[in-house]
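Accompanying notes for the structure given below.
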Amino acid sequence: MPHAAECLPTPARYPRRILLGLALAAATSFKWTSPAAAAGRWWSSLVFGVLENQPFHRVASLPSHERMAREGTLLSRYHAVGHPSGPNYRAMISGETWGRREVVDAFHPSVGSAAATARSATPTYIYHLAGTIARRHNPFVDLHAPVAAERRGFDAFARDLDGRLPRRCLVYVGWDDANDLHNGDFQSADRNLTALLDVLDRSRWFATPDGDGRYPALFICYDEDDGSEDNRVFAAWWGRGVQRGRVSAALHTHYGFCRTITDNLGLPALGRAADEAPIDEVWLG
């Protein structure tokens, strides 16, 4: 078996013709914003994951969720943008739902393709922490974004946090349907999120700032509610660069999350994300 570091190729290994093609396709859907509207950079790397199909009030009291709120910033008015799952996931990384199908299985510009083709490229990594992330819950694969590595197992993620992930990257983590509250129980989802918080809390990578003093950050939310709460879902930021114990009452959606990623990376806003503000009230400094 190859060493874990050998499983983490850099974007430079992508064929040049593929990257140029992705850049050209992505450019056709970008909505440029004025320099005055561009926000600063808040984090060095982003780790994010999505849980399934629960309204805010049913999950906010889970111990792992209370921990995120206590040690980070809770977004009390964060909403999904539709139903079913697939469109919500695609909105989070591309600023568009691309229809109502669960899976579109076609290239569309996303934060992954934009970041990989930027002058200062940012690679994307996918980690299946328990089982295999369903295709409808894996928007980078669904939208054919360039992915530097796709790894399986919580242990692989923990090992890669030990100096193998680059300082600047996007990291998408997820679980199969038995572990993300789609089919499983609240206790399993709570244990999974607690394990993720614990491994990040122990990680030197997550605790080390870059040269400008920015830390990696974690974002956790739900894809959609169950139809009972106007698509209001739990969402929170967590990490050393995030304000502790804050509750933000600002209205945000999955499109605003997408806008936050592109603004942080200095990239043009994608699709409908250009019409929403980034989540900029949660950061220290």
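Values in this text are rule-based calculations from the coordinates and carry no lab data. It should be emphasised that the depicted structure is a prediction, and the values quoted were computed from it without experimental measurement. In this analysis, Cβ positions are derived from the backbone assuming ideal geometry, glycine residues included, and neighbour counts consider all displayed protein chains.
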Practice problem: Using only alpha carbon pairs under 8 Å that are at least six residues apart, calculate the relative contact order of the range 45-275 and give it in whole percent. | Solution: 38 percent
Practice problem: Have a look at the DSSP beta bridges in the chain and tell me what percent are antiparallel, nearest 5. | Solution: 30 percent
Exercise. Using per-residue counts of other Cβ atoms within 10 Å, averaged over each peptide, order 141-151, 226-236, 254-264 from highest down.
Key: 254-264, 141-151, 226-236
Exercise. Using only the alpha carbons, work out the radius of gyration and Dmax of the chain in angstrom.
Key: 17.3, 50
Self-check item: Approximate spin-label separation Leu284-Arg244, in nm, with each point projected 7 Å along Cα-to-Cβ
Solution: 0.8 nm
Quiz item: Using 7 Å Cα-to-Cβ label points, what is the Ser228/Arg100 separation (nm, one decimal)?
Solution: 2.4 nm
